[in-house]
Ligand SMILES: Nc1ncnc2c1ncn2[C@@H]1O[C@H](COP(=O)(O)OP(=O)(O)OC[C@H]2O[C@@H]([n+]3cccc(C(=O)O)c3)[C@H](O)[C@@H]2O)[C@@H](O)[C@H]1O
Ligand SMILES: Nc1ncnc2c1ncn2[C@@H]1O[C@H](COP(=O)(O)OP(=O)(O)OP(=O)(O)O)[C@@H](O)[C@H]1O
Ligand SMILES: NC(=O)CC[C@H](N)C(=O)O
């Protein structure tokens, strides 16, 4: 049986970073060569970055990608290289994998099925390539070809291709005869999805009775989307090698040998790219982290994906730190804990010297001696009290800041609130009262918190982190230009009910049962409250709105499962009917749809958030809704 030593590499690329992307590819090539690999499969669009958006339209982007391909040819003399790039053919743009070998571009294989659901918009830029069609560009084979290394043949599926069930190219490739398939991928993280990718690799191998080599992107590539960085080599129903997910490294490579079937060396759809050089291959198959089999896998994935997302965002935006307006409540405390987790995981995996190198653009980085120093300099938190703030939240914020080790400040903002209140009272010539002006008096406090915390962000050249979560975004429970202020919104993709579960886990158990944030003890005792009304009114979110689990269910049924308002009411009765009266359920559902429809304009204005769940409310990447509408409230039984 012929044998081939294959490698798959995950890369933390950045759109339009020609030199950086090239260097990371070279790094992966070096590891693959040292392991004696015959072939290295790299992620989809790894030359340009997958998230180039409308820059894909620019001929300049394609030209730069071609320049990188030319530079890579020298590295392909005895290693087959698969690299992704955009290519125009007959005035249409295609998402393509270039196959390089023996110093030559041997073939271009275009993607047949575009990713166009959820956060993916590939059809905006690319045209799908029809199965079975083959042509040439500058005499280079372009189309649905198999590649041949002597009697070993292989085919290519590009990411979405593999998600197409009976239509996936593997079926046709299997009939034509391939020893293995390579899949350069850019498949975004969401909870539990890596298991689906693993399964696709295993099934792909079974369909062709051969091997499957799968390589995904890694990290926060372009701002919103986080990639797990999972690569798999599969055969005979098993994963033979796989990467560790959510790595803070630039690249990771796995390698192993595949014993495969051989096929005839000549056919119309086969491009012979040369002979295979036999090598003594070394297996690279890192031990999989124990957390991957944790019963709290969702908590592990949530922490690790957001931590990597925050870390990459920091360094790719050349920021000097994170600033958080820390109320001592769930949302801001979760974000502070996640930033500290990011620093901890980076130091743990990369080591101190590599972390300093990674942040070398920060002028003060060399004054830090260790992780503790780094957290103190990178992270600034500020509690901004009013007469409506409780001692509990003040203490909760202080305790968390101390346990994490942030630079923490406390200020009183009542003077500013009263200043604005007096000015407007004078202007409209009447006093503002809680009876008549409830929302105005709440919102001014939230808005007055914004300028100071933005000042800290500017002084420190740091990112201001907005604390909105998905549940708040559903119902617009936030003050625009107040607590929505910030440049990124790390937890905007997750619901409040889950966030509270995660906070308890992070306090008591923590990552891998080892990295926990003990300072969350007070946070976890508090009931979520905006603390914007006078303290004696005992304002709590769930009374202003509805219980968070109900809010979350309504959001999912209506905007993920696309149930009608009437069907949502039925589901509500079934799931929560035993605990709430019909009147209460009616109240919740009317409130939900009224607030949902009224607040689309706010969802259009939130800072970019990270995608972590199977859906989000971000209109730029997932869920669109009219800004003005009659609202679905009217479609409920009256
Ligand atoms: N379709 C539309 N397009 C554009 N603008 C629209 C609009 N509909 C209303 N508006 C405008 O929206 C403005 C009202 O929005 P905005 O000023 O943000 O305020 P609003 O949404 O009315 O009130 C804020 C809510 O968030 C809660 N909150 C605030 C801050 C923090 C927290 C917390 O949990 O800690 C909670 C607060 O209790 C209150 O229920 C009005 O000026 C109105 O004209
Ligand atoms: N006293 C405060 N000091 C500093 N920031 C505050 C204060 N009160 C509110 N904020 C800011 O406004 C944001 C919105 O408040 P919100 O109540 O929604 O979140 P939270 O307080 O973090 O969590 P929870 O809602 O669970 O209490 C906070 O996350 C925080 O950034
Ligand atoms: N880049 C792609 O083709 C990604 C599509 C795939 N369905 C995913 O969501 O992971």
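Every number here is computed from the coordinates shown, using simple stated rules; none is lab data. None of the values given here were measured: they were computed from a predicted structure. Cβ atoms come from the backbone with ideal geometry, glycine included; neighbour counts cover every protein chain shown.
Over all directions, average the projected area of the Cα convex hull of segment 470-612 and note it in nm². Spelled out: convex hull of the Cα atoms, projected over all directions, averaged, 10.5 nm².
Cα-based values for segment 322-406, radius of gyration first and Dmax second, are 14.3, 46 Å. Going by neighbour counts of Cβ atoms within 10 Å, the residues 256, 159 line up, fewest first, as 256, 159. Ordered by the number of other Cβ atoms lying within 10 Å of each residue's own Cβ, fewest first, 171, 113, 238 fall into the sequence 238, 171, 113.
How large is log10 I(q)/I(0) at q = 0.09, 0.10, 0.15 Å⁻¹ when the Debye formula is applied to the Cα atoms of segment 374-482, each weighted equally and without solvent? Log10 I(q)/I(0), no solvent term: -0.29, -0.36, -0.78. Taken over the Cα atoms of the chain, the convex hull encloses 171 Å³ per residue.
For the chain, the longest principal axis of the alpha carbon atoms and the long axis of helix 193-208 meet at an angle near 20°.
Between the Cα long axis of helix 438-460 and the first principal axis of the chain there is an angle of about 50°, rounded to the nearest 10.
In degrees, nearest 10, range 0 to 90: what is the angle between the Cα axis of helix 391-404 and the longest Cα principal axis of the chain? With both axes taken from Cα atoms, the answer is about 30 degrees. Compute the separation of the alpha-carbon centres of segment 322-389 and segment 112-143 and state it in Å as a whole number. Their Cα centres are 43 Å away from one another. Both radii were evaluated on the Cα set of segment 293-541; the Rg over Rh quotient, with Rh as the Kirkwood radius, amounts to 0.99. Based on C-alpha pairs under 8 angstrom that are at least 6 apart in sequence, the chain has a relative contact order of 12 percent. Across all directions, the average projected area of the convex hull around the alpha carbons of segment 3-288 is 12.8 nm². Counting only DSSP beta bridges with both residues in the chain, tell me the antiparallel percent, nearest 5. For the chain, the DSSP antiparallel bridge percentage is about 60. How would segment 138-254 be classified by its alpha-carbon gyration tensor: rounded, prolate or oblate, with rounded meaning a/c under 1.5 and the a/b versus b/c comparison settling the rest? Prolate shape, in that a/c is at least 1.5 and a/b is the bigger ratio.
For segment 3-288, the share of DSSP beta bridges that are antiparallel, to the nearest 5, is 70%.
Taking all Cα pairs closer than 8 Å and separated by 6 or more residues, the relative contact order of segment 293-541 comes to 25 percent. Put simply, the Cα atoms of segment 139-182 extend 30, 23, 15 Å along their principal axes, the longest span coming first. The order of 361, 145, going from fewest to most other C-beta atoms within 10 Å of their C-beta, is 361, 145. In the distance distribution for segment 539-600, Cα-Cα pairs more than 16 Å apart total 39 percent.
Pairwise Cα distances in segment 1-52 exceed 12 Å in 61 percent of cases. Judged by the mean number of other Cβ atoms found within 10 Å, the most tightly packed of the peptides 559-571, 27-39, 592-604 leads the ranking 27-39, 592-604, 559-571.
Computed over segment 456-502, the Cα gyration tensor eigenvalues convert (square root of 5λ each) into semi-axes of 22, 13, 7 Å, ordered from largest to smallest.
If I take all pairs of Cα atoms in segment 37-150, what percentage of them are more than 22 Å from each other? In whole percent, the share of Cα-Cα pairs in segment 37-150 beyond 22 Å is 29.
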